[in-house]
């Protein structure tokens, strides 16, 4: 399985696949598979990248 989370760098925008209500989040850090994201509606969340594959957002309108 390809680790799609490995491409995530600070500043990139993402969505959580299981929690769309959190809105778009901005990656704060991605260290050792632990991805810290600041979501608009949820605040700062640390994601275990081995369990959740975040969805990159390239156009905030989508």
Give me the residue from the range 41-53 that is under 15 Å from residue 8 (Cβ atoms) and out of contact with any strand residue (DSSP E or B) (no Cβ under 7 Å at 6 or more places or on another chain) and, out of that set, surrounded by the fewest Cβ atoms within 10 Å (Cβ to Cβ). 51
Residue among 10, 56 that is surrounded by 10 or more Cβ atoms within 10 Å (Cβ to Cβ) and in a loop (DSSP other than H, G, I, E, B): 10
Only one of 30, 5, 38 that is in a helix (DSSP H, G or I) and either touching a strand residue (DSSP E or B) at 6+ places or on another chain (Cβ under 7 Å) or touching a residue at least 12 places away in the same chain (Cβ under 8 Å) (or both): 5
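No lab work stands behind these numbers, since they all come straight from the coordinates. Fair warning: this is a prediction, and the values are worked out from it, not measured in the lab. Neighbour counts are summed over all protein chains in view; Cβ atoms, including those assigned to glycine, are modelled from backbone coordinates with ideal geometry.
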